[in-house]
1. Can you tell me the order of 86-99, 49-62 when each peptide is scored by its average per-residue count of other Cβ atoms within 10 angstrom, highest first?
2. Quick one: which residues, 5 or more positions from L103 or on another chain, have an amide H under 5 Å from its amide H? H modelled 1.01 Å from N in the peptide plane, none for Pro or chain starts.
3. Order by neighbour count: H20, H73, fewest other Cβ atoms within 10 Å first, most last.
4. Note down the net charge around R31, summing +1 for each Lys or Arg and -1 for each Asp or Glu among other residues with Cβ under 12 Å from its Cβ.
Amino acid sequence: MGRDFRQRRSLSFYQVFIGHGVVFINDSYPRASTATGDMQTANDWKVEKTLVKTGASIGSGATILSNLTIGEHAIVGAGSVVTRDVPAGAVVAGNPAKVLRSLPDQRNSRE
């Protein structure tokens, strides 16, 4: 792992841009209580991962649902709600986020 790698309980990222107020959801079915009506505890739910790959950019105010991958060099527009994986090099925006276009291959453009 490189020196720029950071990992928190449900989010992994490496050399990415994450704008202000971005929300990462880590539970597909959040509930305050169990089926029996008891308050949930940490043992009642499982943290679900989200992977943001190298070079990706996520605009301010975006919401990223759990169990997704934001591909290398992808761009998520500000305020978008990402409900599906974002392909590498894709530009997505909207609610739900949709692919607007693809960027040229970024792998060989580093200086």
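1. In decreasing order of mean packing, 86-99, 49-62 become 49-62, 86-99.
2. A90, V91
3. Ordered by Cβ neighbours within 10 Å, fewest first: H20, H73.
4. Spelling it out: positives minus negatives among the neighbours equals -3.
No value in this document is a laboratory result; all are computed from the given coordinates. Since the structure is predicted, the reported quantities are computational estimates derived from the model, not experimental observations. All Cβ positions, even for glycine, are placed from backbone atoms using ideal geometry, and neighbour counts span all protein chains on display.
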